[in-house]
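The values are calculated or read from the model by the stated rules, or taken from the named source; none is laboratory data. This structure is a prediction, so every number in the text was calculated from the model and none was measured. Here the Cβ positions follow ideal geometry from the backbone for every residue, glycine too, while neighbour counts run over all protein chains shown.
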2 protein chains.
Amino acid sequence: MATTSRGRRIPEATVARLPVYLRILLDQSEAGIANVSSEELADLAGVNAAKVRKDLSYLGTYGTRGVGYEVEYLIYQVRRELGLTHDWPVVIVGAGNLGQALAGYGGFRQRGFPVAGIVDNDPAKVGSLIGDIRVRDVADLAEIVRDHKVSIGIVATPGPAAQEAADQLVAAGVTSILNFAPVVLNAPPGVNVRKVDLAVELQILSYYEQRRAAAAAGSSLHAVPAGSRRGASA
Amino acid sequence: MATTSRGRRIPEATVARLPVYLRILLDQSEAGIANVSSEELADLAGVNAAKVRKDLSYLGTYGTRGVGYEVEYLIYQVRRELGLTHDWPVVIVGAGNLGQALAGYGGFRQRGFPVAGIVDNDPAKVGSLIGDIRVRDVADLAEIVRDHKVSIGIVATPGPAAQEAADQLVAAGVTSILNFAPVVLNAPPGVNVRKVDLAVELQILSYYEQRRAAAAAGSSLHAVPAGSRRGASA
DNA sequence: GATTGTGAAAGCGTTCACAGCC
DNA sequence: GGCTGTGAACGCTTTCACAATC
């Protein structure tokens with residue numbers, strides 16, 4: 001009851017950074033580094049040291065004053081907090097360009113998200129192989145979710161098909177959805193939806209590019225947001 | 001000097017939402033809808049109406065009280081603000097799984113980001129076709145950037161190669177980078193970097209899934225953050 | 001001496017609520 | 001009557017700065 005952090009609420013902004021710290025810690029571990037300070041971690045993560053300390057303090061008091069954090073122990077704690085002590089099989093809906101790339105992307109399996117299946121509603125795609133995964137019919141979705149205990153679904157369909165894909169995932173019992181389609185998905189309460197919109201990211205960059213151009217032609221207002229700059233010098 | 005918004009600074013959070021509004025407005029336009037209220041726009045975007053009004057107020061006062069916003073006019077204004085009045089050719093570094101999917105993804109061209117080229121440092125990949133784009137050698141990067149006036153580069157390499165790819169993009173003259181590799185990139189001041197990390201998104205979902213499971217086994221603390229819930233009922 | 005953990009302050013972003021305008 | 005535009009209030013996030021600890 002004293003050592004577990006069960007029930008502590010971690011701010012969303014912190015949750016979003018923990019995976020970044022984790023990746024860095026794993027690198028450090030592989031490099032044989034036993035301890036790391038908040039400052040080192042901050043440099044590698046591109047944030048400042050106070051933020052790292054505050055973030056990690058939500059997990060518990062795992063550092064040692066004057067020394068820093070023990071890499072292996074911190075890895076274990078971050079993993080536990082993120083729920084990464086076991087794999088989370090995922091199912092992908094949509095075997096187009098993006099779905100295929102995601103299914104073939106080794107990073108998912110490597111980071112604890114093996115692809116339990118990929119489905120499509122196009123009979124022409126069903127049955128084809130992507131890496132060592134065979135595309136199945138969307139009708140098999142519930143079966144895949146049940147058999148592999150899938151909680152997380154990935155929507156990789158074209159925009160117009162995305163809501164139906166999400167509905168089918170929810171009906172199949174999935175409770176978290178990662179949406180790559182460029183639409184806003186509706187899901188019932190209790191289903192967590194996150195969105196990754198590739199073109200939106202480019203449009204955000206476009207905004208700052210355009211500002212830069214406007215600034216060059218006019219005043220000297222800085223066009224690049226402070227948070228996006230990063231010194232190249234060590 | 002009175003009608004252009006040159007110089008107004010728009011909060012980053014707003015900049016990130018403008019592309020979403022734009023997409024919805026384009027849908028409305030195609031559906032032949034002439035006017036839209038902040039409430040309608042908010043529902044479709046999955047945010048609240050006050051936020052929509054505040055966001056749009058940063059662009060100027062383009063609404064009409066008692067009526068709403070004229071769709072076509074607002075599309076024009078959002079486009080102008082985001083710098084989407086012209087295309088932004090992009091260059092992709094890395095012709096692996098993800099790079100290929102991105103190069104073949106029609107959504108980029110459609111939304112104003114045609115793929116001017118894709119390069120790789122693997123001779124086995126150079127020369128192959130992805131859709132109608134031929135993979136070129138990374139040595140041609142500067143030439144592609146110059147010839148197509150590319151400002152935005154996309155890093156789609158494996159993690160270990162990403163920093164070198166970014167350096168080459170910067171050397172070639174690119175001033176904005178969208179990074180898909182799971183590493184923190186260093187770039188000189190003046191170069192804007194955004195990151196999309198697919199596994200990180202899954203890890204964030206994993207956190208809330210894990211909390212849900214912990215909550216089910218214990219108290220009733222809600223595991224899904226308020227901002228991620230969305231009612232399914234109309 | 002070094003570095004963490006954390007209150008307090010400052011800065012942002014969101015939401016409220018209503019005056020202003022059509 | 002309906003809807004926008006916005007000051008003010010609120011809450012979340014970041015940063016500061018320093019006491020506590022090794």
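Mind checking whether some residue in segment A:64-74 is away from chain B (no Cβ under 13 Å) and acidic (Asp, Glu)?
There is at least one residue in segment A:64-74 that is away from chain B (no Cβ under 13 Å) and acidic (Asp, Glu).
Taking A:ARG211 as the residue in question, decide whether it is assigned to a strand (DSSP E or B) and either closer than 27 Å to B:VAL78 by Cα or in the same structural domain as A:ASN121 (by TED's automatic domain parsing) (or both).
No; evaluated as a whole, the condition is false for this residue.
List every residue pair whose Cβ atoms lie under 6 Å apart, where the two residues are 6 or more positions apart in sequence or sit on different chains, the first residue falls within segment B:161-176 and is at positive phi, and the second residue, located anywhere, is part of a helix (DSSP H, G or I).
The qualifying pairs are B:GLY173/B:VAL145.
Considering only segment B:180-196, state which residues are in a loop (DSSP other than H, G, I, E, B) and within 7 Å of chain A (Cβ to nearest Cβ).
Selection gives B:PRO182, B:VAL184, B:ASN186, B:ALA187, B:PRO188, B:PRO189, B:GLY190, B:VAL196.
Looking only at segment A:120-157, count every residue that is buried (at least 17 other Cβ atoms within 10 Å of the Cβ) and either over 12 Å from A:VAL90 (Cβ atoms) or at pLDDT below 95 (or both) and tell me the total.
Qualifying residue count for the region: 10.
Report yes if some residue within segment B:88-96 is more than 17 Å from B:ASN179 (Cα to Cα) and not aromatic (Phe, Trp, Tyr); otherwise report no.
So far as segment B:88-96 goes, no, none of its residues is more than 17 Å from B:ASN179 (Cα to Cα) and not aromatic (Phe, Trp, Tyr).
Can we say A:GLY68 is assigned by TED's automatic domain parsing to the domain that holds A:VAL138 and either in contact (Cβ under 8 Å) with a residue 24 or more places away in the chain or surrounded by 15 or more Cβ atoms within 10 Å (Cβ to Cβ) (or both)?
No: the conditions fail for A:GLY68.
May I ask you to list the residues in segment A:178-207 that are out of contact with any Leu (no Cβ under 6 Å at 6 or more places or on another chain) and β-branched (Val, Ile, Thr)?
A:VAL183, A:VAL184, A:VAL191, A:VAL196, A:VAL200, A:ILE204
With (1) touching a residue at least 40 places away in the same chain (Cβ under 8 Å); (2) within 11 Å of chain B (Cβ to nearest Cβ); (3) in a loop (DSSP other than H, G, I, E, B) as the list, and A:THR157 as the residue in question, which single condition is left unmet?
(2)
Kindly provide the set of residues from segment B:18-41 that are surrounded by 18 or more Cβ atoms within 10 Å (Cβ to Cβ) and either out of contact with any helix residue (DSSP H, G or I) (no Cβ under 6 Å at 6 or more places or on another chain) or under 27 Å from A:ARG211 (Cα atoms) (or both), ordered by number.
B:LEU18, B:PRO19, B:VAL20, B:TYR21, B:LEU22, B:ARG23, B:ILE24, B:LEU25, B:SER38, B:LEU41
In the set B:GLY7, B:GLY106, B:GLY83, which member is closer than 17 Å to A:TYR208 by Cβ and either among the polar types (S, T, N, Q) or modelled with pLDDT under 95 (or both)?
B:GLY7
Considering only segment B:1-120, give the strands (runs of 3 or more DSSP E) lying wholly within it that have at least 3 residues that are over 19 Å from the mean Cα position of the chain (by Cα) and within 14 Å of DNA strand C (Cβ to nearest atom).
Values: elements: B:68-70, B:90-93, B:115-120.
Counting at least 3 such residues, we get B:68-70.
Restricting to segment B:121-142, what's the tally of residues that are out of contact with any Ser or Thr (no Cβ under 9 Å at 6 or more places or on another chain) and assigned to a strand (DSSP E or B)?
5
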